[in-house]
4 protein chains.
Amino acid sequence: MGADHVRRLARSVAGARVVAVADPDRARGEAAAAGIEGVRVHADALAALAEHGVGAVLVASPDHAHEEALLAALARGLPVLCEKPLAADARAALRVVEAEARGGRRLIQVGFMRRYDTEYRGLKALLDSGSIGRPLMLHCRHRNVSSPPHFTSAMLISSSVSHEIDAARWLLGDEVTAVTVLRPRPSAAAPAGLQDPQLVLFETAGGALVDVEIFVNCGFGYEVTCEAVGERGSARIGDEPAMVVRTAGRALQDIAQDYVVRFADAYDREVREWVAGVREGRVAGPSAWDGYAAAAVAEAGVRALADGARVAVDLAERPALYR
Amino acid sequence: MGADHVRRLARSVAGARVVAVADPDRARGEAAAAGIEGVRVHADALAALAEHGVGAVLVASPDHAHEEALLAALARGLPVLCEKPLAADARAALRVVEAEARGGRRLIQVGFMRRYDTEYRGLKALLDSGSIGRPLMLHCRHRNVSSPPHFTSAMLISSSVSHEIDAARWLLGDEVTAVTVLRPRPSAAAPAGLQDPQLVLFETAGGALVDVEIFVNCGFGYEVTCEAVGERGSARIGDEPAMVVRTAGRALQDIAQDYVVRFADAYDREVREWVAGVREGRVAGPSAWDGYAAAAVAEAGVRALADGARVAVDLAERPALYR
Amino acid sequence: MGADHVRRLARSVAGARVVAVADPDRARGEAAAAGIEGVRVHADALAALAEHGVGAVLVASPDHAHEEALLAALARGLPVLCEKPLAADARAALRVVEAEARGGRRLIQVGFMRRYDTEYRGLKALLDSGSIGRPLMLHCRHRNVSSPPHFTSAMLISSSVSHEIDAARWLLGDEVTAVTVLRPRPSAAAPAGLQDPQLVLFETAGGALVDVEIFVNCGFGYEVTCEAVGERGSARIGDEPAMVVRTAGRALQDIAQDYVVRFADAYDREVREWVAGVREGRVAGPSAWDGYAAAAVAEAGVRALADGARVAVDLAERPALYR
Amino acid sequence: MGADHVRRLARSVAGARVVAVADPDRARGEAAAAGIEGVRVHADALAALAEHGVGAVLVASPDHAHEEALLAALARGLPVLCEKPLAADARAALRVVEAEARGGRRLIQVGFMRRYDTEYRGLKALLDSGSIGRPLMLHCRHRNVSSPPHFTSAMLISSSVSHEIDAARWLLGDEVTAVTVLRPRPSAAAPAGLQDPQLVLFETAGGALVDVEIFVNCGFGYEVTCEAVGERGSARIGDEPAMVVRTAGRALQDIAQDYVVRFADAYDREVREWVAGVREGRVAGPSAWDGYAAAAVAEAGVRALADGARVAVDLAERPALYR
């Protein structure tokens, strides 16, 4: 992901120049930086941050390394685009929120790229327009062909469903207040011991209900859909476009196999809009508070998965900066 | 519904002849029988049952009148097609089951007409074929334009979702063991006091999970969809066919406004196959046990709606007749 | 087809009783009549027509036998539903038209069953409503899995495209004035010598244009679609509904394999409405004139296929009865 | 279009730098160049070509100015991406072809951007794979909401259908040998005197048939679809993805209003791949020959429109460079 962002900044985002790359694995850092004129490679993130000419930071390191990098960037007053999650856990995320709030201005944007997807934006605009009335429910499907090694049952929520947590909060303009996780029998196609699929249910302060099927070994494709049900209508996104082939008694459409195809444009737009904003002194995307809230909800979800019961979400008070 | 079935039997089912019609409201009974040669009209159902030439009975009376008519038909050894529900409540339904079981042969078929719908049958065949692996989840939507007067929050489950209860039991070949009902804020378009929509969740003995959105004042149309998620694939039915009109910047498709359009063929096929079976001495459709099980699950659902908690379903032992 | 209609009249159309069946192959006639109470079987159509109790006639004999049966029915004042084509050629069809016109009242209906298909009716209603403006073009596809033995290049037009000829005349309310046939290279999957597919182009008196792809060895399914292009919008019918199955990287939908599935309801409705009309003394469906016009256009098409040039359609004057 | 390409080269294509901009309207040239560091603005194209540091040229001037710019670029050995058409007419296009052929190496790429569209590429790959057999027909629709002022009947072919001419040649790997144009009555929504819509028919050397509905005042949206019919199957592209909204009895999808939305990615990819190729010394896209062939076919089409008859296409001999 880091190398991908380096390539994106260097080759397809106007107005950006990659000055420094940091990777504890120096060879990997060198590889990512190959062919970029004038870039310096560091093993240490803080050293890279201190490089002359650094005007903004993109953090795509492992989760546990986010907090230190973010606090350092805040200390230097540097805008940051931080891949989700904001930090290793909700407490760490809250420390980042508090640090930014103390500084009094928004510098951090969290990489919830669905907010930059054309279809999600269309759905958000529709809901905001009021034309289908107040939203009452969201039905979400999030499916992957297969899960990477070492993926745990908790990661279905903390790593995968966290996208839906942010999307739901954003689409509904509402905070999640409780989580319940239902566990059907695991698929025989899932690795032994992995609770896959799960049905994750969110209740919001405004009384909306969100159900998310997360199924990371569905076998057939990458599929992310969302249906919003309002008081006067419904709207569904995520049914992929595709060539329809008719042959041998069937009409066929290929299904995307991974998120790179489905959300490629969203990643590009995210980074492009972030760079354009930074150059004009604006930070407008998902905030550190959004990163913290998603982490807090995900933690409640992981507890709900373990307990088999409804778990209330206990959010800290929202600092004025994020209101 | 009764008059509709009289018309269907008299005019469009081969091999059936309407001999007697019963309705406490005699004028309504006469109206339903108008134009049918040789039919007798009764105010009393039992008198109609006793008419000479009655070889089978179709019960479409109010729920509370089902039990008496069914027991009388069983006593006379008459095959019955009984509109759902089997009886006024699960206890009454169990009495009917026990009476039929004592008789030792199946005479009763319950009017769960979705089992006769082409799309549902296609989905059942697909699941039974094993080609998408074992089913893990069903996602169901059941929406009506608006609810009739006097429709209560409990009736969303006992009257509407009962169709999904039977469909899920049949599709999965599995019993429901627990129900949870989630209550988003009611739609402003629903009558005051009606908990509409609801999200009803069923767990099955085999570990499958079924979620049902029931929304009886959705405003835009009659919509019944079901997506089955298996270990190797998914299948979705209920996206209505329709002419696509492109005009004024939009592609439009009309949505069916009521179940008569959506399930007209299923009702016809149900009655046609029932009559054909009766003439050959077979009763093959949804059984009294299916009627009882649906009633028991629905009652657990109504309690779950009231309590806000997960309610276990406590089924009687299944008589050998239904195994 | 004849046996199919006998079964339909006997078993699923209210108000009809099959009194006599005629088939030169007596055994086949007996087979079709099997199980129908009181029916008489004849080898001779005119003898069947003369049976006591015959109040209406359904003609599904070979094309060359239509004229004699129709003229006999007209002579007796019997309403007739005649399978398309009206007669063996346009001249014979015109003789039937003239005989009916001399009689001064409509007795004949031609079996263009697409007019009874729900989707075609929806398209007709849309065009008549004016909501997409005046129709300018129709794009039609007519595909079969494979052609029966002895199917000739001319029959692609006279037997298959004749459905589109009638549908176009009816949808547009307009006569066809010229035909051009374009011949792409024949498919390797078509029998040797068969010009399959063809692109058949019709011009109408009102200036509309109709293109029809006829491809009777397309290999993958039975597919009939029609897109009407109007001054303010377009409308497309014929994209079949179906369960969507996602598995192994693809979304799949089955395609109907023959017209029995696609137009079963249309055939039923055609016969049902014809019987209901006959009982009330009405004949309202496609007229003998429609049968003649379709024949005349098809003959021009067959000439255009042979000549490779545009052929004008020369219709007789329309008798007052059909205006 | 020129300004759009300047912006694309300057802001979103890696490896490109805009050195010089030419526009006879100096103010417009300055506007296009605004904000680009180190760029020089010229009124004269040849002066811009001669600027120090120019390594490749993108031509987006009016059609009549193409030839001079292309010949100048060829003389300097500069790679060129030239917006379609290649030149003002087929004869001028042939002069360019001959000049490039004399030079002995490909320097010119013509801006047929559909070849860079994901869906068209998918269709091309499918056809090349042979999985639907040899292609027999292409059915194309090309619709615009409304035509710009001064758009003539001939321009429906030379400006709009020229995209389908190139796409058909490329998809089929085949030359067009004859053109016929059918003229339905013009839409009341089209400007007086404009023959809109038209049905344009192409025959190819290999015996395939291509029909194109061109309708530039369809009123409802920008729609480009293509269905390829092969010996064993068909494939359709261009049905736009979109959010499905259900409200007030209808399912709705928005339709794109112009080509900028539909082909934005194709334009980006075209320029990106061209720049990447130029940097590696390759010119791989649509050739000058493709530009000439499209012009020759379009000219035959314009004659066919005027004459109302089939017009054969008379192509020059293809130089070895393009084989």
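The values are calculated or read from the model by the stated rules, or taken from the named source; none is laboratory data. Everything numeric here is computed off the predicted structure, so don't read it as measured data. No Cβ is skipped: glycine too gets one built from the backbone with ideal geometry, and neighbour counts run over all protein chains shown. These accessible areas exclude ligands, DNA and RNA; they are computed on the full protein's heavy atoms, side chains included. Shrake-Rupley method; radii C 1.70, N 1.55, O 1.52, S 1.80 Å.
State yes or no: is B:L74 assigned to a helix (DSSP H, G or I), under 18 Å from the mean Cα position of the chain (by Cα) and either basic (K, R) or farther than 30 Å from C:G249 by Cα (or both)?
Here the answer is no, as B:L74 does not meet what is asked.
Of all residues in region A:278-298, how many are out of contact with any helix residue (DSSP H, G or I) (no Cβ under 9 Å at 6 or more places or on another chain) and in contact (Cβ under 8 Å) with a residue 12 or more places away in the chain? Break it down stepwise before answering.
Of the residues in region A:278-298, the ones out of contact with any helix residue (DSSP H, G or I) (no Cβ under 9 Å at 6 or more places or on another chain) are A:278-281.
Imposing the further condition that a residue be in contact (Cβ under 8 Å) with a residue 12 or more places away in the chain reduces the set to A:278-279.
Counting residues in region A:278-298 that are out of contact with any helix residue (DSSP H, G or I) (no Cβ under 9 Å at 6 or more places or on another chain) and in contact (Cβ under 8 Å) with a residue 12 or more places away in the chain gives 2.
Just to be sure, is A:G221 away from chain D (no Cβ under 14 Å), open to solvent by 10 Å² or more (accessible area, probe 1.4 Å) and out of contact with any Phe, Trp or Tyr (no Cβ under 6 Å at 6 or more places or on another chain)?
On the way: away from chain D (no Cβ under 14 Å): yes; open to solvent by 10 Å² or more (accessible area, probe 1.4 Å): no; out of contact with any Phe, Trp or Tyr (no Cβ under 6 Å at 6 or more places or on another chain): yes.
Against the criterion (away from chain D (no Cβ under 14 Å), open to solvent by 10 Å² or more (accessible area, probe 1.4 Å) and out of contact with any Phe, Trp or Tyr (no Cβ under 6 Å at 6 or more places or on another chain)), A:G221 does not qualify.
May I ask you to list pairs of residues, at least six apart or on different chains, whose Cβ atoms are under 9 Å apart, with the first in region A:206-224 being in a loop (DSSP other than H, G, I, E, B) and the second being surrounded by 22 or more Cβ atoms within 10 Å (Cβ to Cβ) and among the aromatic types (F, W, Y)?
Close Cβ pairs (under 9 Å, with a partner that is surrounded by 22 or more Cβ atoms within 10 Å (Cβ to Cβ) and among the aromatic types (F, W, Y)) amount to A:A208/A:F202.
Which condition number in (1) open to solvent by 40 Å² or more (accessible area, probe 1.4 Å); (2) away from chain D (no Cβ under 14 Å); (3) more than 18 Å from A:E273 (Cβ to Cβ); (4) outside any helix (DSSP H, G or I) is the one that A:G35 fails?
For A:G35, the exception is condition (2).
Condition check ((1) under 30 Å from C:S131 (Cβ atoms); (2) assigned by TED's automatic domain parsing to the domain that holds D:A60) across all residues:
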position	(1), (2)
D:E98	no, yes
D:Q109	no, yes
D:D166	no, no
D:D174	no, no
D:L194	yes, no
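Of the residues in region A:264-275, how many are open to solvent by less than 30 Å² (accessible area, probe 1.4 Å) and in contact with a Phe, Trp or Tyr (Cβ under 7 Å, 6 or more places away or on another chain)?
2
So which of A:V6, A:V13, A:V59 ends up being within 23 Å of A:S159 (Cα to Cα), β-branched (V, I, T) and within 14 Å of chain D (Cβ to nearest Cβ)?
A:V6
Is region B:107-122 home to any residue that is touching a Leu at 6+ places or on another chain (Cβ under 8 Å), touching a residue at least 24 places away in the same chain (Cβ under 8 Å), of a type in the set (D, E, K, R) and more than 14 Å from chain A (Cβ to nearest Cβ)?
No, there is no match, as no residue in region B:107-122 is touching a Leu at 6+ places or on another chain (Cβ under 8 Å), touching a residue at least 24 places away in the same chain (Cβ under 8 Å), of a type in the set (D, E, K, R) and more than 14 Å from chain A (Cβ to nearest Cβ).
Of the residues D:A167, D:A93, D:A87, which single one is assigned to a loop (DSSP other than H, G, I, E, B), crowded, with 23+ Cβ neighbours inside 10 Å and more than 14 Å from chain C (Cβ to nearest Cβ)?
D:A87
What about B:E213, is it among the acidic types (D, E), within 30 Å of A:A208 (Cβ to Cβ) and either open to solvent by less than 10 Å² (accessible area, probe 1.4 Å) or more than 13 Å from chain C (Cβ to nearest Cβ) (or both)?
Working: among the acidic types (D, E): yes; within 30 Å of A:A208 (Cβ to Cβ): yes; either open to solvent by less than 10 Å² (accessible area, probe 1.4 Å) or more than 13 Å from chain C (Cβ to nearest Cβ) (or both): yes.
Yes.
Return the pair list, or none, for Cβ contacts closer than 6 Å from residues in region B:86-102 that are farther than 20 Å from B:A60 by Cβ to residues that are outside any helix (DSSP H, G or I), at least 6 apart or on different chains.
Cβ pairs passing all conditions: B:L94/B:A316; B:A101/B:P319.
Based on what the data block shows, is B:A178 open to solvent by less than 10 Å² (accessible area, probe 1.4 Å), out of contact with any Cys (no Cβ under 6 Å at 6 or more places or on another chain), under 23 Å from B:S129 (Cα atoms) and at pLDDT 95 or above?
On the way: open to solvent by less than 10 Å² (accessible area, probe 1.4 Å): yes; out of contact with any Cys (no Cβ under 6 Å at 6 or more places or on another chain): yes; under 23 Å from B:S129 (Cα atoms): no; at pLDDT 95 or above: yes.
For B:A178, the condition - open to solvent by less than 10 Å² (accessible area, probe 1.4 Å), out of contact with any Cys (no Cβ under 6 Å at 6 or more places or on another chain), under 23 Å from B:S129 (Cα atoms) and at pLDDT 95 or above - is not met.
Please state which one of A:G122, A:G111, A:G104, A:G133 is on the phi > 0 side of the Ramachandran plot and either within 21 Å of the chain's Cα centre (by Cα) or open to solvent by 30 Å² or more (accessible area, probe 1.4 Å) (or both).
A:G104
Could you tell me how many of the residues in region B:136-164 are open to solvent by less than 10 Å² (accessible area, probe 1.4 Å) and among the charged types (D, E, K, R)?
Of the residues in that region, 2 qualify.
Of C:A27, C:A48, which residue is farther than 22 Å from C:D265 by Cβ, open to solvent by less than 30 Å² (accessible area, probe 1.4 Å) and either outside any strand (DSSP E or B) or not hydroxyl-bearing (S, T, Y) (or both)?
Working: C:A27 fails: open to solvent by less than 30 Å² (accessible area, probe 1.4 Å).
Residue meeting the stated conditions: C:A48.
Taking region D:57-68, which residues are surrounded by fewer than 20 Cβ atoms within 10 Å (Cβ to Cβ) and not charged (D, E, K, R)?
D:A60, D:S61, D:P62, D:H64, D:A65
Name every residue in region C:187-199 that is at the interface with another protein chain (Cβ under 8 Å from one of its Cβ atoms) and more than 15 Å from C:V145 (Cβ to Cβ), in order of residue number. Break it down into steps so the answer makes sense when it comes.
Here is the first cut: in region C:187-199, the ones at the interface with another protein chain (Cβ under 8 Å from one of its Cβ atoms) are C:187-189, C:197, C:199.
C:A188, C:L199, listed by residue number.
Based on what the data block shows, is D:V244 surrounded by fewer than 22 Cβ atoms within 10 Å (Cβ to Cβ) and away from chain A (no Cβ under 14 Å)? Before you say what the answer is, go through the steps one by one.
Numbers: surrounded by fewer than 22 Cβ atoms within 10 Å (Cβ to Cβ): yes; away from chain A (no Cβ under 14 Å): no.
Against the criterion (surrounded by fewer than 22 Cβ atoms within 10 Å (Cβ to Cβ) and away from chain A (no Cβ under 14 Å)), D:V244 does not qualify.
Answer yes or no as to whether B:A205 is within 26 Å of B:Y120 (Cα to Cα) and open to solvent by less than 10 Å² (accessible area, probe 1.4 Å). Don't jump to the end; show me each part of the working.
Numbers: within 26 Å of B:Y120 (Cα to Cα): yes; open to solvent by less than 10 Å² (accessible area, probe 1.4 Å): no.
No, not satisfied.
Can you tell me which of C:V283, C:V261, C:V278 is under 18 Å from the mean Cα position of the chain (by Cα) and either assigned to a helix (DSSP H, G or I) or surrounded by fewer than 17 Cβ atoms within 10 Å (Cβ to Cβ) (or both)?
Residue meeting the stated conditions: C:V261.
Can you spot a residue in region D:228-236 that is in contact (Cβ under 8 Å) with a residue 24 or more places away in the chain, acidic (D, E) and part of a strand (DSSP E or B)?
no
For region B:123-144, give me each residue that is more than 8 Å from every other protein chain (Cβ to nearest Cβ), assigned to a loop (DSSP other than H, G, I, E, B) and touching a residue at least 40 places away in the same chain (Cβ under 8 Å).
Result: B:N144, single match.
Need the failing condition index for D:A294 against (1) at pLDDT 95 or above; (2) within 13 Å of the chain's Cα centre (by Cα); (3) surrounded by fewer than 21 Cβ atoms within 10 Å (Cβ to Cβ), just the number.
Against the list (1) at pLDDT 95 or above; (2) within 13 Å of the chain's Cα centre (by Cα); (3) surrounded by fewer than 21 Cβ atoms within 10 Å (Cβ to Cβ), D:A294 comes up short only on (3).
From B:V13, B:V21, grab the single residue that is within 29 Å of B:A90 (Cα to Cα), within 25 Å of the chain's Cα centre (by Cα) and touching a residue at least 12 places away in the same chain (Cβ under 8 Å).
Values: B:V13 fails: within 29 Å of B:A90 (Cα to Cα).
Of B:V13, B:V21, the one residue that is within 29 Å of B:A90 (Cα to Cα), within 25 Å of the chain's Cα centre (by Cα) and touching a residue at least 12 places away in the same chain (Cβ under 8 Å) is B:V21.
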